[in-house]
Every structure is written in C-alpha cells, then in structure tokens.
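In what follows, a single structure is set out as structure tokens and then discussed.
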Amino acid sequence: MCFTSLPLLASTPSVSPRIIGGITTQNDEIPWQVYLNISFPNDGTYVCGGVLVAQDVVLTAAHCLQNGGTRASADNIKVWAGINSIFSTTSSNAISVTAALQNSSYNASRFSNDIAILKLAQPAPANAKPILIATSDQQRRANSEFSNGYNAGGTSPENLLVSGWGSTSATGSSSATNLQQTLLTGVPDNTCSAQWGSGVNDSEADIFVCAITPSPSVVRDSCFGDSGGPLVWQDPQRAGDADFGLRLVGLVSFGDGCASSLPGVYTEVQGFVSWINQQTNNSLTKVATPTLSFNPFERDYSDAGKGVAPNNDTAPSSDGGSGGAMGYISMVSLVLVALFKRRRLYS
C-alpha cells in the first residue's frame, strides 16, 4: 500500500473529507466517532477515523498506524472526540495517546486482523459516548440477517451504518468538513469471498465483515480518510434500549478503490474482544449502555448516493494501495493529508 502525501498549505484548502453518498451528521448523533491525527517523522501527517469503545479506549485500523516500515508512536497521535466538524479541532481539545497497540497478527500485505487500540491519556469529553461491541450471539444474528436479506444486483436492506470524514467521490474530488454518515447493506461472507477471490478467504469469515451500497440506483461507500471508523448494526431485539440496540460490528479497512462493484471489507470487531480486554484491564466489561439522543437508522437516506458517479475502474492492480485526499485541521493552521488506504485486487 502507499501513502499519497500532499504539500502543506498556508491557507485553508477548498476541500476536506467525507463518506461517499452520505448525509451530514447531527450534533451528538454519532458520539462514538473520533478523529485521529497521525504523524510520521519526515513523512507528513495523516488522518484516520476511530471509534470510542470505553471513555479512554479507541479502536482504529492497524494500517492507520503503519507507513511502510515505520510504525507511529503514541507520542505522534492525537485524538479528537465529541466533534462533528474538523474545524472544531484545536490543540487545546486534542487528547494525547499513552499507548498505540497494533494487533500482533496484523498482516500488512493482506490487511487481515486490521485493528489497533489507542489508550487515551484522559477520558473523552462527556458528549463523546462509547458504543457497545456486538456480542458473539449478536454477530451471528447480524450475519444471518446479511445472508437472508442480501439481493445481489437488486435492492437489499439498509442494515449497516458507516460514518467518517473521508472522500465523497472515488477520485477524492468532492468533500465536506462535517462528519458524514450513510447506510449500507451487509454482504454474506461466502458471497464476499467469492467476489474478492484470494483477498478474502472463507476461513477468515470471523475477522471480516463486508458491506456494499444497498441498491444499484445509489452510490454509497466508505472511502479515503474513513479508515478505522465504525461500521454499526442495529440489533432489532434491543431496539427499545437507551442506545437503540446499536452495536459496533466493524472497522473500515479496505476495498477495491471506492464505490466499485466489489464490497468494502471491514475488520469484524467481535473476535477481538478478549484481546481488547487483555490490553486494557477489562475496559469493555465496565462500559454501561449509553443513553443516546438520536437513532441514526431513522434518518432520511432516500437521496443519499443519488447522482453520485460510481467507480468503473475495477481493473486488478498489484500496486497494493491508492492515494489520499486533503483535510484541514483548523485554528492551529495544521493542514493534514486525509488518508484511507484502500488496496486493489491482487493480480
């Protein structure tokens, strides 16, 4: 995979990142979403998404912490939580990181086990709330829902929520500064592995979740700048709870560019719960069900993704990655390169 680094600018750039085919997030609607600033010595600063799973624990993609052979240290990572606009990020509300832990089984050439833990130096602000991770039973029911509902080439249920500040288009030519969200449909593991070939193996069904636009009439996807962000499923059996039964099932990991005919691939978080608890003094067991103000699945997504150009360039490539889009960090005049490392099909 490769980074595409853009030169730092002294003035505010005209673009910043977001989801393809998304709608703008309301304040406090997705309080588990975080924004990451990751610096690599002599190679610029990059951004990724992340998700709050305890008040002082963030999950993100392992590949966000890796630039070639260089791994980002905790000292070079800043976190912003409880914000919607990247213009809200300042040095005073940045949260430092005390430890950045890639999963020891992370495979950078295949993006398998693409998950990392960030331990925060202080708790996230009160308006930032952690999301519960799906239990093993909930993940099985979600998988069953994907298998029973997916209609290849037709209209499928809108059963997954993805959010982030990544690019709005496959080329990165259109962006916005506010957090975006959209609904996708879950793709059965066997369908995803058949379409991806060697990229996603049937034997790895417990570490991947796949998702794609719910209808051929709309173009929706995560893209450059969304890496490490949350993929959320709503458990219908817990929809009446204070958190509307919203459960974290995945982290944005990789795809065939953005908005292509292949499903996007996400790290399935449930299989890493024991590892997360081992590394964080059982932090997940101490998280109470949050009380949320909004159910993002009830928003109007009818126009989300209409009129967006799809990515028709799905030719296999062995370059291992694609570029990034530019983002602006605000009052302290930090200009970042918004990165979402999306790999191509193996040749």
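Only the coordinates and a few stated rules stand behind these numbers; no lab work does. Remember, predicted model here, so these are calculated numbers, not experimental data. Virtual Cβ from ideal backbone geometry, glycine too; neighbours counted across all protein chains shown.
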Taking 40-50, 231-241, 68-78 and ranking on average Cβ neighbours within 10 Å, highest first, one gets 40-50, 231-241, 68-78
A chain fully extended from Glu298 to Asn127 at 0.36 nm per residue, minus the present Cα-Cα distance, gains in nm 59.5 nm
Simple spin-label estimate for Arg140/Ala74, 7 Å along Cα→Cβ, in nm, reads 3.7 nm
Expected unfolding gain across Thr291-Asn27 under the 0.36 nm per residue rule, minus the alpha-carbon gap, is 93.6 nm
As straight-line cross-link partners of Lys129, the qualifying aspartates and glutamates (C-alpha separation under 17 Å, not fewer than 8 residues apart within one chain) are Asp28, Glu29, Asp56, Asp241, Asp243
By the mean-Cβ-within-10 Å protection proxy, highest first, 215-221, 287-293 rank as 215-221, 287-293
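Once the Cβ-Cβ distance between Leu284 and Ser217 is put in as r, and R0 is 41 Å, what FRET efficiency do you end up with, to the nearest 0.05? Display every interim value, and only then the final one.
Numbers: r = 39 Å, r/R0 = 0.95.
In this case the efficiency is close to 0.60.
Roughly how many debye, to the nearest 20, is the charge dipole of the stretch 23-339 about its Cα centre, given +1 on each Lys and Arg Cβ, -1 on each Asp and Glu Cβ, and no other charges?
Values: 13 positive and 25 negative charges, 105 e Å.
For this selection, approximately 500 debye.
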Under the 7 Å Cα-to-Cβ spin-label approximation, Ala152 and Ala309 lie apart by a distance in nanometres of 2.9 nm
